[in-house]
1. Of the conditions (1) among the charged types (D, E, K, R); (2) in contact with a strand residue (DSSP E or B) (Cβ under 8 Å, 6 or more places away or on another chain); (3) surrounded by fewer than 18 Cβ atoms within 10 Å (Cβ to Cβ), Arg415 satisfies every one except a single condition; which number is it?
2. Every residue in the range 185-201 that is out of contact with any strand residue (DSSP E or B) (no Cβ under 6 Å at 6 or more places or on another chain) and open to solvent by 10 Å² or more (accessible area, probe 1.4 Å), please.
3. Give the residue that is nearest to the chain's Cα centre (by Cα), with candidates limited to residues of the range 202-215 that are outside any loop (DSSP other than H, G, I, E, B) and surrounded by fewer than 20 Cβ atoms within 10 Å (Cβ to Cβ).
4. Quick one: how many residues across the range 156-175 are among the small types (Gly, Ala, Ser), open to solvent by less than 10 Å² (accessible area, probe 1.4 Å) and part of a loop (DSSP other than H, G, I, E, B)?
5. Conditions: (1) open to solvent by 10 Å² or more (accessible area, probe 1.4 Å); (2) more than 26 Å from Tyr181 (Cβ to Cβ). Tyr224 meets all but one. Number of the miss?
6. Return yes when Ser384 is under 20 Å from His431 (Cα atoms), open to solvent by 10 Å² or more (accessible area, probe 1.4 Å) and under 24 Å from the mean Cα position of the chain (by Cα) and no when it is not.
7. Which residue pairs have Cβ atoms closer than 7 Å, lie 6 or more positions apart in sequence or on different chains, and pair a first residue in the range 327-355 that is more than 19 Å from Thr405 (Cβ to Cβ) with a second residue that is crowded, with 18+ Cβ neighbours inside 10 Å and of a type in the set (Asp, Glu)?
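The values are calculated or read from the model by the stated rules, or taken from the named source; none is laboratory data. Predicted model only: the values in this text are computed from it and were never measured. Note: ideal-geometry Cβ built from the backbone for every residue, glycine included; neighbour counts use all protein chains shown. Just so you know, the surface numbers come from the protein's heavy atoms only, side chains and all, with ligands and any DNA or RNA stripped out. Shrake-Rupley method; radii C 1.70, N 1.55, O 1.52, S 1.80 Å.
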Amino acid sequence: MGVHWCTFVIVLGLLLVLESGLFVNGGLTSSFTRKFEKTVDMPLDSDVFEEPPGYNAPQQVHITQGDHVGKAVIVSWVTMEEPGSSTVVYWSENDKNNKNIAKGIVTTYIFYKYISGFIHHCNISDLEYDTKYYYEVGIGHTSRIFWFTTPPEVGPDSPYTFGLIGDLGQSFDSNATLTHYEMNPTQGKTVLFVGDISYADNYPDHDNTRWDSWGRFAERSTAYQPWIWTAGNHEIDFAPEIGETEPFKPYTHRFQVPFEASQSTSPFWYSIKRASAYIIVLSSYSAYGKYTPQYEWLEKELPKVDRSETPWLIVMTHSPLYNSYIYHYMEGESMRVMFEPWFVKYKVDVVFSGHVHAYERSERISNVDYDIVNGKCNPVKDDSAPIYITIGDGGNLEGLAFNMTEPQPMYSAFREASYGHAIFDIKNRTHAYHSWHRNQDGGCSGNLIFLVRIMALPKLQSWRLNCEESWQFVVARVISHCA
């Protein structure tokens, strides 16, 4: 392979490609130091929590994918004074005179002494790919207009950029994370949210007004781009001491997902296609042992993935399967035992998780040979295994997970306890780019990696790029290595 082709690979991509079987020389714990400050919730009179003006104005607007292939959107919102209309009026930027109408549903719930507003869900379907749409809610009272852009048609070379956020909450750090994500020049188009949303259960009597405040806080993003939801432990809201024994009650009333489109029997596990990615959402807090509905669904789901159509296979869980922090250490072990052999068999590219309030990226490893008698209990490098990324550092009130296991295990490539978000930027069927951005950074990322998977490429080292390192130097090193 010549110098020009290697240069082309890097300039075209500057990318992470996860099916290469190449390994970062890992085992780094970040030396970044930050002033220790207690995480503090924003007061309820903060401007980010303000209700929109006008009688019965829609609030807490959020959207998610509404079908399996990206041609539908579920629009959700809340009205407080009365139900009002559940109709959505929508139109394409390319045809502003042709307005369409979709009718939705409205629901409410009671949690202890809290009575919810009127929660609306409306699925608008048969949309065109790669098109900007405007939509209007609150018809008949105070209406509000928002917009979104549909993804490109599902296909192997459809580029797409995902944002990654987890364990967000509603603290000053949460606001910094969301702002930092919005200002990222890479511009994520859809958020893969790995669970733990409002942290309402951390307040006295699971104060559900904190679900409302979170919805208003996040609306500046959730109303304009889909958030793909994963249920975390803070969505369970199981509180028998106050008579609340229905798990996930607030979550299931407020957030709808297209689970039936992937033949799932539950909103807690489902799949979607988006551009060149096949995304599987799993539930860490629903049964997943053999013969359970989630187990049997995943067993049937993975063989359906056509890598010639969607080459990128992404799995989302809340609890990480690999974690070198003391917090929540090995909580994902039982799911790892059940599902890791399938992740390796079907060559999952990356598993994104939250739960641990920090960032961590693993090597490409597996631990599928272990059984109770052979003693093979250490993970090994595995070309067919996914990379595991923990991104539970959104900024919630519980604070960061500073305590780590020592020494750093070989499977852990990089870890740091800072608040932030990540970007997963797919360029085509062979190239993608992953970067993690701590809130203290400007345009620089705290950890980014590039790997290349091209059949003709000789075994190529992958590099971690720091802020001090110039792009020219990276390209020069690739040229030197490939020449």
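1. (3)
2. Filtering the range 185-201 down to residues out of contact with any strand residue (DSSP E or B) (no Cβ under 6 Å at 6 or more places or on another chain) leaves 185, 187, 195-201.
Passing the criteria: Pro185, Gln187, Asp201.
3. Within the range 202-215, the first condition is being outside any loop (DSSP other than H, G, I, E, B), and the residues that meet it are 202, 204-206, 209-215.
Filter once more, keeping what is surrounded by fewer than 20 Cβ atoms within 10 Å (Cβ to Cβ): 202, 204-205, 209.
Values: Asn202: 22, Pro204: 28, Asp205: 28, Thr209: 24 Å.
Among residues in the range 202-215 that are outside any loop (DSSP other than H, G, I, E, B) and surrounded by fewer than 20 Cβ atoms within 10 Å (Cβ to Cβ), the one nearest to the chain's Cα centre (by Cα) is Asn202.
4. We begin by selecting, within the range 156-175, every residue among the small types (Gly, Ala, Ser); these are 158, 163, 166, 169, 171, 174.
Add one more test, that the residue is open to solvent by less than 10 Å² (accessible area, probe 1.4 Å), and what stays is 163, 166, 169, 171, 174.
Imposing the further condition that a residue be part of a loop (DSSP other than H, G, I, E, B) reduces the set to 166, 169.
The qualifying residues number 2.
5. (2)
6. On the way: under 20 Å from His431 (Cα atoms): yes; open to solvent by 10 Å² or more (accessible area, probe 1.4 Å): yes; under 24 Å from the mean Cα position of the chain (by Cα): yes.
Spelling it out, Ser384 is indeed under 20 Å from His431 (Cα atoms), open to solvent by 10 Å² or more (accessible area, probe 1.4 Å) and under 24 Å from the mean Cα position of the chain (by Cα).
7. Pairs found: Val344/Asp382; Lys347/Glu19; Asp349/Glu19.
Residues checked against (1) of a type in the set (D, E, K, R); (2) modelled with pLDDT of 95 or more; (3) more than 30 Å from Leu127 (Cβ to Cβ):
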site	(1), (2), (3)
Leu15	no, no, no
Arg34	yes, no, yes
Asp45	yes, yes, yes
Gly70	no, yes, no
